[in-house]
Amino acid sequence: MARLNAQNVERAKAVIRRYPRERSATIPLLHLAQEQDGYITPEAMEHIGELVGATAAEVQGVATFYEMFKHEPVGTYLIGVCTNLSCMILGAEQVLEHTEKVLGIKAGSTTVDGMFTIEEMQCLAACGGAPCLQVNYRYFENVTDERVDGIVDALRNGRDPEGQSIPPHGTLSNITLPAPTTPADRERPEEIHPAPQGVES
Amino acid sequence: MSVTASQSVVFARMGDPEAHTIDRYVATGGYEGLRRALSMKPEDIEAATTASTLTGRGGAGFATGQKWSLLADAYPRYVVVNGDESEPGTFKDRQLMERDPHQVIEGALITAYAVRATRVFLYVRGEMALAQERIGQALVDAYAKGYVGSNIMGSGWSIDVVLHWGAGAYVVGEETALLESLEGKRAFPRIKPPFYPAAKGLYYQPTIVNNVETVSTLPWILRHSGEEYAALGAGRSTGTRIMCVSGHVKNPGNYEVEAGNITFRDLIYAPELGGGIRDGHTIKAFVPGGGSAPWLFEDHLDLTLDPGPVAAEGTMLGSGAVVVMDDSTCMVRAAWNLVRFYSHESCGQCTPCREGGNWMEKIMWRIENGAGRMEDLDLLLDVGQTISPGSFPHASNKATGLEATPWPYRMTTICFVGPSAVVPMHSALTRFRDEFVAHIEQGSCPVGAHA
Ligand SMILES: Cc1cc2nc3c(=O)[nH]c(=O)nc-3n(C[C@H](O)[C@H](O)[C@H](O)COP(=O)(O)O)c2cc1C
Ligand code: SF4
Ligand code: FES
């Protein structure tokens, strides 16, 4: 599997319809491909290019620019530990080290069973809850070594860590957004009040 | 010390765990601002916004009403809400999007109506799964109840709001990079001019880019009045703004304050705000307005949170993020951490940013690890000069009689990411040169533990 499957092509078309220009859907469609395959394949980039009217190289240029897009398989659970300033001064380096020890891998790599990948993250906009980490982009704030143990243990045993459900990596689009009601190439909005004097309508 | 309670404007619903649902939102005055707006002419909303003195909360502090007035006379035109929040230390927009998503949508709708936009895009940072879900659900509900879509609230006015999300790149927050990204491209900041997306923005059509907190303020202004908002605060910090306080304080968190009425000392030490430095420690330095803002120190605690005096001290209130570092913090490592961030996030278009950031990061890392040389200190300043020539802004130092160099800096780069990498290096080195020297002489970090 690599090109978007039939169901995802329908989803892709619905996404494209939200934008005045097709190419704007590139990033959402890359997320869709990642949701399908777990990472971005060359075939998916080519397919997305066909759907949005861009070359495979243009899509690849985008896919490699943004850090959330992976180009090889990653763990079922992506553990991202923030080590930016507010987190660092409150112990993030220790949290990262502990996570590496518990999983037996270094940041940037994946466990052999394919279950976990550790990433070092930049400021996650949770500095008030420093140090913090994310599992598949779900937040855990004020983390300690003990809580890391608990989170990893829950995930290994198929439980929701701390009661938070963690959808598989790549799942970001589980809400079906409404289709636009106005034409994409609409020139002007309705004037609902008489135009004031001196202003052309 | 006690601080007079601030009026709750944008954070009014923060205590309510159900505020993100449409029923709770409507029951607490939600969409009343939009109703009010739709009874007015767009020009009058712009006038009310100008009267409110509201300025952008994304970092640049540009007057919102004035920004709207710069729109080129062309259609279609767009409104883009910047929810890419990733400036180190800043965590207010995420909270607003997660806990009060309808307020963001309502503010975006008011903006769209005021500027006669043809479509609205909400650009949410890629890593914020919950914010995306909450805004997505809010949009589904708002469409169903007729607050978004065609013939909104029976007014005859129609607009669509599109939720868009990124995929991890700090530079997307820069508004022209945001627009490139929304066009489905790499987030390369655009070369200026054109200076304002209001002239040429999304698809090179007139576009208003406003921050999440900025638009979240509009429903309140419409329900009350521009004048009432302007009466809050003082000086050039009128109204309220959210300050994100983190680091070595007892009560880290977001605080909505009438910024013009308080000082950094109030913000960091007042029991109802930051609560002071953790026990047994004293303050060493603080970042006053997000990672891009030159640092301030104990000498500057009595500064009012007002852009004027803060700029005179060589820095800015920026995104409203205050990161407090106590005496246990190694200044070399703290500054290296931020230099690493900006160099890592360089999009690579400008040589001084791409190469200079990288070099500063490497040099600081070797100093931190005891492998630095004395020449490295001048080398750092020299690299800084290639990114930002001339005298770089920094704060005064009472002890040494050093005078402040006022904000802002000059730059050789397309956007502010390059100079932002110079900021922490320059701040730390200007104030704590002795600490850098100690690292070099001792051949190791004299502070040791980094937590
Ligand atoms: C490197 C860089 C990063 C930025 N990041 C953000 C951001 O994450 N969120 C934001 O609202 N503004 C950010 N800005 C500011 C935006 O360019 C823009 O000024 C702002 O979104 C305009 O909205 P406002 O007038 O309501 O503040 C950033 C600017 C630069 C130069
Ligand atoms: S300053 Fe840095 S991030 Fe900004 S455009 Fe230049 S290279 Fe890119
Ligand atoms: S520094 Fe870690 S979330 Fe901001």
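When the stretch B:201-218 is filtered for residues that are over 14 Å from B:Lys67 (Cβ atoms) and over 20 Å from the mean Cα position of the chain (by Cα), the ones remaining, listed by number, are B:Leu202, B:Tyr203, B:Tyr204, B:Gln205. State all residues of the stretch B:131-147 that are open to solvent by 40 Å² or more (accessible area, probe 1.4 Å), more than 7 Å from chain A (Cβ to nearest Cβ) and within 27 Å of the chain's Cα centre (by Cα); if no residue qualifies, say none. Result: B:Arg134, single match.
Within the stretch A:33-68, the set of residues being farther than 21 Å from A:Arg17 by Cβ, open to solvent by 60 Å² or more (accessible area, probe 1.4 Å) and facing chain B (nearest Cβ under 10 Å) comprises A:Thr64, A:Glu67. Screening B:Leu303 against (1) within 16 Å of ligand 3 (Cβ to nearest atom); (2) open to solvent by 20 Å² or more (accessible area, probe 1.4 Å); (3) touching a Pro at 6+ places or on another chain (Cβ under 6 Å) leaves a single unmet condition, (1).
Residue-wise test of (1) charged (D, E, K, R); (2) touching a Leu at 6+ places or on another chain (Cβ under 7 Å).
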| site | (1), (2) |
| --- | --- |
| B:Ser52 | no, no |
| B:Thr64 | no, yes |
| B:Leu71 | no, no |
| B:Ala74 | no, no |
| B:Val80 | no, yes |
| B:Glu87 | yes, no |
| B:Asp93 | yes, no |
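In the stretch B:149-195, of all residues being within 21 Å of the chain's Cα centre (by Cα) and either closer than 20 Å to A:Ala12 by Cβ or away from ligand 1 (no atom under 16 Å from the Cβ) (or both), the one that is nearest to the other protein chains (Cβ to nearest Cβ) corresponds to B:Ala167.
A quick yes/no check of all residues on (1) open to solvent by 10 Å² or more (accessible area, probe 1.4 Å); (2) more than 10 Å from every other protein chain (Cβ to nearest Cβ):
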{"site": "B:Arg77", "(1), (2)": "yes, no"}
{"site": "B:Glu85", "(1), (2)": "yes, no"}
{"site": "B:Lys92", "(1), (2)": "no, no"}
{"site": "B:Leu96", "(1), (2)": "no, yes"}
{"site": "B:Gly126", "(1), (2)": "no, no"}
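I need a count of the residues in the stretch A:69-99 that are more than 10 Å from chain B (Cβ to nearest Cβ), part of a helix (DSSP H, G or I) and crowded, with 17+ Cβ neighbours inside 10 Å. Selection size over the stretch A:69-99: 3.
Restrict the check to the stretch A:143-157 and report whether at least one residue is assigned to a loop (DSSP other than H, G, I, E, B), free of Cβ contacts under 8 Å to residues at least 24 places away in the same chain and either of a type in the set (Lys, Arg) or within 16 Å of ligand 2 (Cβ to nearest atom) (or both). Checked against the condition, which is being assigned to a loop (DSSP other than H, G, I, E, B), free of Cβ contacts under 8 Å to residues at least 24 places away in the same chain and either of a type in the set (Lys, Arg) or within 16 Å of ligand 2 (Cβ to nearest atom) (or both), the stretch A:143-157 yields no hits at all. In the stretch B:54-95, what count of residues is obtained for those that are aliphatic (A, V, I, L, M) and either outside the structural domain of B:Val171 (by TED's automatic domain parsing) or not in a loop (DSSP other than H, G, I, E, B) (or both)? Residues in the stretch B:54-95 being aliphatic (A, V, I, L, M) and either outside the structural domain of B:Val171 (by TED's automatic domain parsing) or not in a loop (DSSP other than H, G, I, E, B) (or both): 4 in total.
Within the stretch B:234-253, residues that are more than 16 Å from B:Ser319 (Cα to Cα) and more than 7 Å from every other protein chain (Cβ to nearest Cβ) have Cβ atoms under 8 Å from residues that are crowded, with 24+ Cβ neighbours inside 10 Å and among the small types (Gly, Ala, Ser) in these pairs: B:Val249/B:Gly274; B:Lys250/B:Gly274; B:Asn251/B:Gly274, counting only partners at least 6 apart in sequence or on another chain.
Answer yes or no as to whether B:Tyr78 is touching a Ser or Thr at 6+ places or on another chain (Cβ under 7 Å) and within 16 Å of ligand 2 (Cβ to nearest atom). Break it down into steps so the answer makes sense when it comes.
On the way: touching a Ser or Thr at 6+ places or on another chain (Cβ under 7 Å): yes; within 16 Å of ligand 2 (Cβ to nearest atom): no.
No; evaluated as a whole, the condition is false for this residue.
Just the residues that are more than 14 Å from A:Leu85 (Cα to Cα) and within 16 Å of ligand 3 (Cβ to nearest atom), please, taken from the stretch B:333-343. Those that are more than 14 Å from A:Leu85 (Cα to Cα) and within 16 Å of ligand 3 (Cβ to nearest atom): none in the stretch B:333-343. Checked against (1) assigned to a loop (DSSP other than H, G, I, E, B); (2) over 21 Å from B:Pro307 (Cβ atoms); (3) within 19 Å of the chain's Cα centre (by Cα), B:Val9 meets all criteria but (2).
Condition check: of a type outside the set (Asp, Glu) and assigned to a loop (DSSP other than H, G, I, E, B). Does B:Trp157 satisfy that? Give the derivation first.
Numbers: of a type outside the set (Asp, Glu): yes; assigned to a loop (DSSP other than H, G, I, E, B): yes.
Yes, satisfied.
The residue that is most open to solvent (accessible area, probe 1.4 Å), counting only those in the stretch B:204-233 that are in contact (Cβ under 8 Å) with a residue 24 or more places away in the chain and farther than 18 Å from B:Gly33 by Cβ, is B:Gln205.
The set of residues in the stretch A:132-179 being touching a strand residue (DSSP E or B) at 6+ places or on another chain (Cβ under 7 Å), facing chain B (nearest Cβ under 8 Å) and modelled with pLDDT of 95 or more consists of A:Gln134, A:Asn136. Does the stretch B:105-116 include one or more residues that are facing chain A (nearest Cβ under 9 Å), over 30 Å from A:Tyr66 (Cα atoms) and either over 14 Å from the mean Cα position of the chain (by Cα) or β-branched (Val, Ile, Thr) (or both)? For the stretch B:105-116, residues facing chain A (nearest Cβ under 9 Å), over 30 Å from A:Tyr66 (Cα atoms) and either over 14 Å from the mean Cα position of the chain (by Cα) or β-branched (Val, Ile, Thr) (or both): present.
Here is a check on your reading of the model: is B:Cys347 within 14 Å of chain A (Cβ to nearest Cβ), more than 16 Å from ligand 3 (Cβ to nearest atom) and assigned to a loop (DSSP other than H, G, I, E, B)?
Values: within 14 Å of chain A (Cβ to nearest Cβ): yes; more than 16 Å from ligand 3 (Cβ to nearest atom): yes; assigned to a loop (DSSP other than H, G, I, E, B): yes.
Answer is yes for this residue.
All of A:Leu133, A:Leu177, A:Leu124, A:Leu103 fail the test of being in contact (Cβ under 8 Å) with a residue 60 or more places away in the chain and surrounded by 17 or more Cβ atoms within 10 Å (Cβ to Cβ), apart from A:Leu177.
Within the stretch B:337-353, residues that are not assigned by TED's automatic domain parsing to the domain that holds B:Ala177 and open to solvent by 30 Å² or more (accessible area, probe 1.4 Å) reach partners that are away from ligand 1 (no atom under 14 Å from the Cβ) and hydroxyl-bearing (Ser, Thr, Tyr) with beta carbons closer than 8 Å, at six or more positions or on different chains, in the pairs B:Pro352/B:Thr386; B:Pro352/B:Thr412.
The values are calculated or read from the model by the stated rules, or taken from the named source; none is laboratory data. Computed from a prediction, not measured in an experiment: that's the story for all the values here. Because the Cβ atoms are built from the backbone with ideal geometry, glycine has one as well, and the counts that use them run over all protein chains shown. SASA here: full protein model, heavy atoms, side chains in, ligands and nucleic acids out. Shrake-Rupley method; radii C 1.70, N 1.55, O 1.52, S 1.80 Å.
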